[in-house]
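Visitor: Below you'll find the structure I mean.
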Amino acid sequence: MVPSVPLCWLPLLLHSSSWCVCICVCLLLHVSSLCDVAGVSGQYPLVQNLTVTEGGTANMTCRVEYNDNTSLQWSNPAQQTLFFGDKKALRDNRIELVRASWSELIISIHDVTLSDEGMYTCSLFTMPVRTAKAYLTVLGVPEKPQIDGLTKPAIEGDHITLTCMTQGSKPAADLRWFRNEKEIKGAKEVNASGKTFTVRSSLQLHVGRNDDGVAYTCKVDHEALTQTPQQATEVLEVHYAPHVEVTPSLTVPQEGQYLKLECVSKGNPSPDPVMWTKDGGDLPDLDRMIVEGRELTFTSLNKTDNGTYRCEASNHLGTSSAEYVLYVYDVPTILPPSTTPPLHPILPDPTALLGTHASDPSVTGNRDPNAIGQHGTDHALIGGVVAVVVFVTLCLIIVLGRYLARHKGTYLTNEAKGADDAPDADTAIINAEGNHAHAEEKKEYFI
């Protein structure tokens, strides 16, 4: 850059009349210097860093704002020239020219690998040469995960460890566990292998019957998997001993009704078939007691069906059983309606069905498991009559006892008063009364 100020003032020092010419020359030189500065600043190449997924395509762009027909060049991290202007310098079929002009140079790299990652340089061949650097980041795509450690089938109570592994991720991927749709936490382990990472995640399980049929899913989270998530799923199969329950179709079974007892057994493997017994023995009446699979059906109940029915189911892991005590009630009797209207409203007795018409278990010798306070109105009436009779009898005994006690005391007293002179008891009583009269006459009064 030429210093314009000293040159402008030099003619003034030599001759004062030439100051106008000097000012013009100074202005021209200053404008020329400003143009040179603008040209230099506009001739620096402009680039940007780029991130691409392994196997994808990287478009490398280099631009210049002001260019005086100077060539642009792209070179790789090994400082090998890829393109000089529109001329290809490196024999690599993956690298192609997109656009070449005096203001920009764009190239593309197909099927990017991890070895393509690094610092790329764009050069502008001016004096001196000006350069700009762009870093190409290649993301390693993680492989589909694999789940190991699953034993099929697992036995209830076992402790197993599920391990999920994925390879080839860059940066290291994240592994997430799901039990059906609910996320659970596992233990993560990361190991580097070259430029990529191998990630493992383990899950400790204490197997129970509730885990039978549960799907455990391992899902990979990574920034390279934006559209195609990677995951693996394993369904856990658990074998366990059966559990049995008996479910009746009627709550209060009565004579003549249809009854079905269902043996609900849960186990893996399925405990088929089930075994029905009555009171520890075989079923007595197979014509009315029909066994179909897990169900025991009574076509028409009667009193002989009373007893304890047992359902038993088993598999190779164990045996389970359940019992049901059957008590058959009498059919309730319906009385004909009365023609005389009642003086007082009669409320229905909710216990009439079970209390009045049910059979007495003490008479039949069978225990009634469904009985709930069987008391009839006739029992209350008999109890009231007995209470009245007992009360009246007690009152009569008390009155008679008091009467006898009083008369016996008077007899003994009168007999004692006349016993000294009388020959018998009657004379003693008469003498006692006479002596009592004389005793009143012989009273003395002291003044």
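The values are calculated or read from the model by the stated rules, or taken from the named source; none is laboratory data. Since the model is a prediction, treat every value here as computed from it, not as a measurement. All Cβ positions, even for glycine, are placed from backbone atoms using ideal geometry, and neighbour counts span all protein chains on display. Surface accessibility is based on the protein's heavy atoms, side chains included, excluding ligands, DNA and RNA. Shrake-Rupley method; radii C 1.70, N 1.55, O 1.52, S 1.80 Å.
Visitor: Long-range amide H contacts for Asn268: which residues qualify at under 5 Å (H placed 1.01 Å from N, peptide plane, sequence gap of 5 or more or a different chain)?
Guide: Tyr240
Visitor: May I pose another question? How do His159, His243, His110, His379 rank by accessible surface area computed with a 1.4 Å probe, from largest to smallest? Provide the component values of the computation, followed by the final result.
Guide: Details: His159 145, His243 90, His110 60, His379 120 Å².
Result of the area sort, largest leading: His159, His379, His243, His110.
Visitor: Considering only C-alpha atoms, what is the centroid distance from segment 271-340 to segment 165-244, in Å?
Guide: Taking the Cα centre of segment 165-244 as reference, the centre of segment 271-340 is 49 Å away.
Visitor: Can you give the local net charge around Pro229? Use residues other than it whose beta-carbon is closer than 9 angstrom to its beta-carbon, Lys and Arg +1, Asp and Glu -1.
Guide: Residues near Pro229 contribute 0 overall.
Visitor: Counting other Cβ atoms within 10 Å, which GluC sites (Glu not before Pro) in segment 39-137 have at most 15 and lie in a DSSP loop? Write out the running numbers ahead of the final one.
Guide: Details: sites: Glu54, Glu65, Glu96, Glu104, Glu117; in loops: Glu54, Glu65, Glu117.
The qualifying sites are Glu65.
Visitor: Between beta-carbons, use under 13 Å as the cut-off and find the net charge around Asp148, counting Lys and Arg +1, Asp and Glu -1.
Guide: +1
Visitor: Gln43's amide H: which non-local residues (gap 5+, or another chain) put their own amide H closer than 5 Å, with H modeled 1.01 Å from N in plane and none for Pro or chain starts?
Guide: Placed amide hydrogens put Tyr66 under 5 Å from Gln43.
Visitor: A follow-up question, please. What is the set of long-range amide H partners of Arg94 at a cut-off below 5 Å, with H atoms built 1.01 Å from backbone N?
Guide: Residues meeting the amide H criterion: none.
Visitor: Determine the sum of side-chain charges near Ser115: Lys and Arg each +1, Asp and Glu each -1, restricted to other residues whose C-beta is under 13 angstrom from that of Ser115. Before the final figure, lay out each step's value.
Guide: Working: positive: Arg94, Lys170, Lys195; negative: Glu54, Asp92, Asp111, Asp116, Glu117.
Result for the local shell: -2.
Visitor: Please sort by residue number the GluC sites (Glu not before Pro) in segment 127-206 whose DSSP state is loop and whose Cβ has at most 13 other Cβ atoms within 10 Å. Each step should come with its number before you reach the end.
Guide: Details: sites: Glu143, Glu156, Glu181, Glu183, Glu189; in loops: Glu143, Glu156, Glu181.
Hits after loop and neighbour filter: Glu181.
Visitor: For Phe125, Phe83, what's the largest-to-smallest order of accessible area, 1.4 Å probe?
Guide: Numbers: Phe125 85, Phe83 10 Å².
The residues order as Phe125, Phe83, largest area first.
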